[in-house]
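**Q** Mind having a look at this structure? Questions to follow.
The values are calculated or read from the model by the stated rules, or taken from the named source; none is laboratory data. If you're wondering where the values come from, they're calculated on a predicted model, not measured in any experiment. Glycine also receives a Cβ, built like all others from the backbone with ideal geometry; neighbour counts cover every protein chain displayed.
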Amino acid sequence: MNEIFDPGENGLMDLPRDKNGELVIPDLIEKDIFLFDTHVAGTTYIPGIMDLEPHLDIGDRLHFFREPDNLYDPNAIVVKTDEGIKIGYIPKKDNVVFSRLMDAGKLLFGKITDKELVDERWLKISLDLFMHEEW
């Protein structure tokens with residue numbers, strides 16, 4: 001046998017144990033993996049978005065929710081604040097792979113990287129998109 005997998009005397013792999021012989025169960029490893037940078041689409045259609053703008057800060061976490069019954073885009077991903085307020089969508093041109101990841105059970109989220117008022121009518125909210133992994 002090789003050194004990486006040693007089945008031990010009884011044919012079973014020896015599991016890690018502490019000095020008292022108790023099984024050592026490793027803690028979950030958590031990691032946030034950066035995937036993509038984009039912006040929030042559709043902010044001009046969100047009622048009260050300009051009133052919300054002062055409460056959106058760089059570094060704020062954004063939560064994503066699938067909206068497969070969306071009439072315009074079956075891959076739609078809604079973007080909401082920590083308080084559950086809808087602020088828009090992941091752009092349609094960017095959402096195909098991310099919607100598939102979410103449909104497969106992956107946890108995706110965003111962090112605001114910038115915000116800018118464009119032409120006095122469009123609040124452009126830039127974000128980094130991450131996948132949260134535990135193993």
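**Q** Kindly indicate which of ILE90, ILE85 is at pLDDT 95 or above, touching a strand residue (DSSP E or B) at 6+ places or on another chain (Cβ under 7 Å), under 23 Å from GLU116 (Cα atoms) and among the β-branched types (Val, Ile, Thr).
**A** Details: ILE85 fails: touching a strand residue (DSSP E or B) at 6+ places or on another chain (Cβ under 7 Å).
Step by step, each of ILE90, ILE85 is checked, and only ILE90 is at pLDDT 95 or above, touching a strand residue (DSSP E or B) at 6+ places or on another chain (Cβ under 7 Å), under 23 Å from GLU116 (Cα atoms) and among the β-branched types (Val, Ile, Thr).
**Q** Test ASN95 against the criterion of being of a type in the set (S, T, N, Q), under 13 Å from the mean Cα position of the chain (by Cα), surrounded by 14 or more Cβ atoms within 10 Å (Cβ to Cβ) and more than 17 Å from THR113 (Cβ to Cβ), and give yes or no. Break it down stepwise before answering.
**A** Values: of a type in the set (S, T, N, Q): yes; under 13 Å from the mean Cα position of the chain (by Cα): yes; surrounded by 14 or more Cβ atoms within 10 Å (Cβ to Cβ): yes; more than 17 Å from THR113 (Cβ to Cβ): yes.
Spelling it out, ASN95 is indeed of a type in the set (S, T, N, Q), under 13 Å from the mean Cα position of the chain (by Cα), surrounded by 14 or more Cβ atoms within 10 Å (Cβ to Cβ) and more than 17 Å from THR113 (Cβ to Cβ).
**Q** Could you check segment 79-92 and list, in sequence order, the residues that are crowded, with 17+ Cβ neighbours inside 10 Å and either in a helix (DSSP H, G or I) or within 15 Å of the chain's Cα centre (by Cα) (or both)?
**A** VAL79, TYR89, ILE90
**Q** Which of (1) hydrophobic (A, V, I, L, M, F, W, C); (2) at pLDDT 95 or above; (3) surrounded by fewer than 10 Cβ atoms within 10 Å (Cβ to Cβ) is the odd one out, the single condition LEU15 does not satisfy?
**A** Among (1) hydrophobic (A, V, I, L, M, F, W, C); (2) at pLDDT 95 or above; (3) surrounded by fewer than 10 Cβ atoms within 10 Å (Cβ to Cβ), LEU15 violates only (2).
**Q** Of ARG61, ARG100, which residue is more than 13 Å from HIS39 (Cα to Cα), more than 12 Å from the chain's Cα centre (by Cα) and basic (Lys, Arg)?
**A** ARG100
**Q** Would you check if there is a residue in segment 21-28 being in contact (Cβ under 8 Å) with a residue 24 or more places away in the chain and surrounded by 17 or more Cβ atoms within 10 Å (Cβ to Cβ)?
**A** So far as segment 21-28 goes, no, none of its residues is in contact (Cβ under 8 Å) with a residue 24 or more places away in the chain and surrounded by 17 or more Cβ atoms within 10 Å (Cβ to Cβ).
**Q** Of the residues that sit in segment 19-58 and are acidic (Asp, Glu) and either assigned to a strand (DSSP E or B) or under 22 Å from the mean Cα position of the chain (by Cα) (or both), which one is farthest from ASP82 (Cα to Cα)?
**A** Step by step, filter segment 19-58, then rank; the result is ASP27.
The rows are residues; the columns are (1) farther than 14 Å from GLY42 by Cβ; (2) at pLDDT below 95; (3) touching a Ser or Thr at 6+ places or on another chain (Cβ under 9 Å).
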{"position": "ARG61", "(1), (2), (3)": "yes, no, yes"}
{"position": "ALA76", "(1), (2), (3)": "no, no, yes"}
{"position": "VAL96", "(1), (2), (3)": "yes, no, no"}
{"position": "LEU107", "(1), (2), (3)": "yes, no, no"}
{"position": "GLY110", "(1), (2), (3)": "yes, no, yes"}
{"position": "LYS115", "(1), (2), (3)": "yes, no, yes"}
{"position": "ASP128", "(1), (2), (3)": "yes, no, yes"}
